[in-house]
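S.K.: My questions all concern the structure below.
The values are calculated or read from the model by the stated rules, or taken from the named source; none is laboratory data. In this text, all values refer to a predicted model and were calculated from it rather than measured experimentally. Ideal geometry is used to build each Cβ from the backbone, glycine not excepted, and the neighbour counts take in all protein chains shown.
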């Protein structure tokens, strides 16, 4: 069996993981091990971000990180962890400028200043980007280039961490499945950083990549860490719905709304946002939680578009303006049969980001010694609703910090082979195959539908209770599922581990959603439609013998 | 129901290539990757494929040979009634089914 040893183990290679690796190496870590279950620097959410990055650079207007913080806290509906939110806002400019020095290619005005636009919820132009729709790919490519130049960083692709290894209550490394061989791998690490992103892949309609099924949350919970704010899943309001669009991220419409407006219309062509308390006559300003609630409510009332969303129309925009704003994207849309001058598209909410996550302190350290988190996997900075543009900023800022503090961490315990035994044996037993009933692929599909229907943008006690019962049933079915006895690239084995992790994440979301008997931000209960000022508090999730348990933070 | 057909290379690199044909539901605009994911969920959960971003065409992981041409499964449309032949990326070691060894040598564990 292969055994690796490292100073800093980083799980996940989106923006947070790659920045953490760079930072750990420059803070003195001699061995940094950077793993991804997909290909390093290709998976995760960062590379899919087509939109903007928020930072108070003050290139286009007077700005200050404290003003960015004000907007972040307001968007968070009273729940942000203010210390984490302040770190995000204060350090974002340094990270954005460093990415600029690494030639990410921020869009610039003729004057040479970095272009900044006003995304919804921001009090001034603060959001930078890489044209056209290329922010995420450019950020990922830039970070891939940086990590490839650092000898201390070892990269491994297609290695799926299935369990963390704890000794005397401290995380000392991990056990992973090597997809190409089907063999277990053990990894001893002085410090471990979870940078696996969020859990949006547990929903049927999602803008996630294949590896965002909530793995990091399950790893952290089982290792004894606390999760926070798990009920808050951000649904991006205008995810593309129809006609079928390929080769583009379904959340690609937002930048065009910044640039051109774009009207949201119900199934018979009437504007409706004003009835939900939002005035968009002058600019695109509706926060994501309110827009999502408005669209889902219109559809529920029978006023939706043919495919069950609403219309987004640019028909009022002159063709010359469309071409200027969309550039080469016009041709990509034409290949999909979309002509914005002629017809609207259909959009509807799509699971996009998870505000909740691993509870950490200002050093990105979890409550378990040896275990850190970075990026979307961290909970708390964004409260009940994330401000547009804060996700990439958070990935870079929290990644940089996690790498720095993990590099300096003193291990609380030493590696012991025996502590890894159960996880190693599990991989070996399952990789030999299992004759059983049902497949994890089928249950994953059912789980995504269940989460979308019962734990989606609109929730009630009956649906959440039904979801919990079915999730428990799926968990009970795990030991009896069929697994092919294949070693190389065993898809049924990979699905089994994904289902095992996703069910933990799904249960955490659902339990927290059931316990929060109010509506706030991204958490909307039809049976408790109002916010309760007494519940402007966070919920913590821990793993107990019977499963995930929720309690209110003091 | 409208269908399309896929003839898919199966097995590991140690075995001679063999092909298995699947009928998949056809909807306007559907892609080869849509069909492969459908097969995994409804016909054969052991079918090995490589993909990450699913729809955005940014990860480039789903590159395979489709009727002999190197293309992305996520942006290649199904053709109603037609048979398409799918092979792993040519010139690379075949690991299983449509998965080729596309990892850089520096990113492998052994």
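S.K.: For the stretch A:176-195, give me each residue that is in contact with a helix residue (DSSP H, G or I) (Cβ under 7 Å, 6 or more places away or on another chain), crowded, with 24+ Cβ neighbours inside 10 Å and either in a strand (DSSP E or B) or within 13 Å of another protein chain (Cβ to nearest Cβ) (or both). Working first, answer last.
M.R.: We begin by selecting, within the stretch A:176-195, every residue in contact with a helix residue (DSSP H, G or I) (Cβ under 7 Å, 6 or more places away or on another chain); these are A:177, A:179, A:182, A:184, A:186, A:191, A:193-195.
Those still in the list that are crowded, with 24+ Cβ neighbours inside 10 Å too: A:177, A:179, A:191, A:193-195.
Across the stretch A:176-195, the qualifying residues are A:177, A:179, A:191, A:193, A:194.
S.K.: What is the number of the single condition among (1) assigned to a helix (DSSP H, G or I); (2) within 14 Å of another protein chain (Cβ to nearest Cβ); (3) over 28 Å from residue A:236 (Cα atoms); (4) free of Cβ contacts under 8 Å to residues at least 60 places away in the same chain that residue A:496 does not meet?
M.R.: (4)
S.K.: Using the structure shown, decide if residue A:506 is surrounded by 24 or more Cβ atoms within 10 Å (Cβ to Cβ) and touching a residue at least 12 places away in the same chain (Cβ under 8 Å).
M.R.: yes
S.K.: For residue A:435, state whether it is closer than 30 Å to residue A:135 by Cβ and surrounded by fewer than 24 Cβ atoms within 10 Å (Cβ to Cβ).
M.R.: no
S.K.: Does the stretch A:74-86 hold any residues that are surrounded by fewer than 20 Cβ atoms within 10 Å (Cβ to Cβ), touching a residue at least 24 places away in the same chain (Cβ under 8 Å) and part of a helix (DSSP H, G or I), and which are they? Before the answer, list the steps.
M.R.: Step one: list which residues in the stretch A:74-86 are surrounded by fewer than 20 Cβ atoms within 10 Å (Cβ to Cβ), which gives A:74, A:78, A:82-83, A:86.
This time we only want the ones that are touching a residue at least 24 places away in the same chain (Cβ under 8 Å), so: A:74, A:78, A:83.
A:74, A:83 - these are the residues of the stretch A:74-86 that are surrounded by fewer than 20 Cβ atoms within 10 Å (Cβ to Cβ), touching a residue at least 24 places away in the same chain (Cβ under 8 Å) and part of a helix (DSSP H, G or I).
S.K.: As an exercise: evaluate residue A:140 against (1) part of a loop (DSSP other than H, G, I, E, B); (2) modelled with pLDDT of 95 or more; (3) within 14 Å of chain B (Cβ to nearest Cβ) and give the number of the one condition it does not meet.
M.R.: Just one mismatch for residue A:140, condition (1).
S.K.: Among the residues of the stretch B:20-41, are any under 13 Å from residue B:80 (Cβ atoms), touching a helix residue (DSSP H, G or I) at 6+ places or on another chain (Cβ under 9 Å) and surrounded by fewer than 16 Cβ atoms within 10 Å (Cβ to Cβ)?
M.R.: yes
S.K.: Test each condition in (1) within 14 Å of chain B (Cβ to nearest Cβ); (2) in a strand (DSSP E or B) for residue A:7 and report the one that comes out false.
M.R.: Of (1) within 14 Å of chain B (Cβ to nearest Cβ); (2) in a strand (DSSP E or B), only one is false for residue A:7: (1).
S.K.: With respect to residue A:511, determine if the residue is in contact (Cβ under 8 Å) with a residue 12 or more places away in the chain, assigned to a helix (DSSP H, G or I), in contact with a strand residue (DSSP E or B) (Cβ under 8 Å, 6 or more places away or on another chain) and over 24 Å from residue A:291 (Cβ atoms).
M.R.: Yes, satisfied.
S.K.: Restricting to the stretch A:312-333, name every residue that is more than 26 Å from the chain's Cα centre (by Cα) and either modelled with pLDDT of 95 or more or not in a helix (DSSP H, G or I) (or both).
M.R.: Selection gives A:313, A:314, A:315, A:316, A:317, A:318, A:327, A:328.
S.K.: Among what's in the stretch A:253-273 and is at pLDDT 85 or above and closer than 18 Å to residue A:326 by Cβ, pick the residue that is nearest to the other protein chains (Cβ to nearest Cβ).
M.R.: A:253
S.K.: Still on this model: Within chain B, which strands (runs of 3 or more DSSP E) (wholly inside it) include 1 or more residues that are more than 10 Å from every other protein chain (Cβ to nearest Cβ), under 10 Å from the mean Cα position of the chain (by Cα) and over 21 Å from residue A:209 (Cβ atoms)? Break it down into steps so the answer makes sense when it comes.
M.R.: On the way: elements: B:3-10, B:18-25, B:63-66, B:69-72, B:83-87, B:94-96.
So the answer is B:3-10, B:63-66, B:83-87.
S.K.: Please go through the stretch A:339-357 and give me each residue that is over 12 Å from the mean Cα position of the chain (by Cα) and part of a strand (DSSP E or B), ordered by number.
M.R.: A:345, A:346, A:347, A:348, A:349, A:350 - these are the residues of the stretch A:339-357 that are over 12 Å from the mean Cα position of the chain (by Cα) and part of a strand (DSSP E or B).
S.K.: Also: For the condition farther than 30 Å from residue B:74 by Cα, surrounded by fewer than 13 Cβ atoms within 10 Å (Cβ to Cβ) and modelled with pLDDT of 90 or more, what is the one hit in A:277, A:337, A:302? Break it down into steps so the answer makes sense when it comes.
M.R.: Details: A:277 fails: modelled with pLDDT of 90 or more; A:337 fails: farther than 30 Å from residue B:74 by Cα.
Sole residue among the options that is farther than 30 Å from residue B:74 by Cα, surrounded by fewer than 13 Cβ atoms within 10 Å (Cβ to Cβ) and modelled with pLDDT of 90 or more: A:302.
S.K.: A follow-up question, please. State yes or no: is residue A:295 touching a helix residue (DSSP H, G or I) at 6+ places or on another chain (Cβ under 7 Å), farther than 30 Å from residue B:76 by Cβ and not in a loop (DSSP other than H, G, I, E, B)?
M.R.: no
S.K.: When you scan the stretch A:218-244, how many residues do you find that are within 14 Å of another protein chain (Cβ to nearest Cβ) and in contact with a helix residue (DSSP H, G or I) (Cβ under 8 Å, 6 or more places away or on another chain)? Can you show your working first?
M.R.: Taking the stretch A:218-244 first, the residues within 14 Å of another protein chain (Cβ to nearest Cβ) are A:236, A:239-244.
Cutting the leftovers down to in contact with a helix residue (DSSP H, G or I) (Cβ under 8 Å, 6 or more places away or on another chain) gives us A:236.
Matching residues across the stretch A:218-244 total 1.
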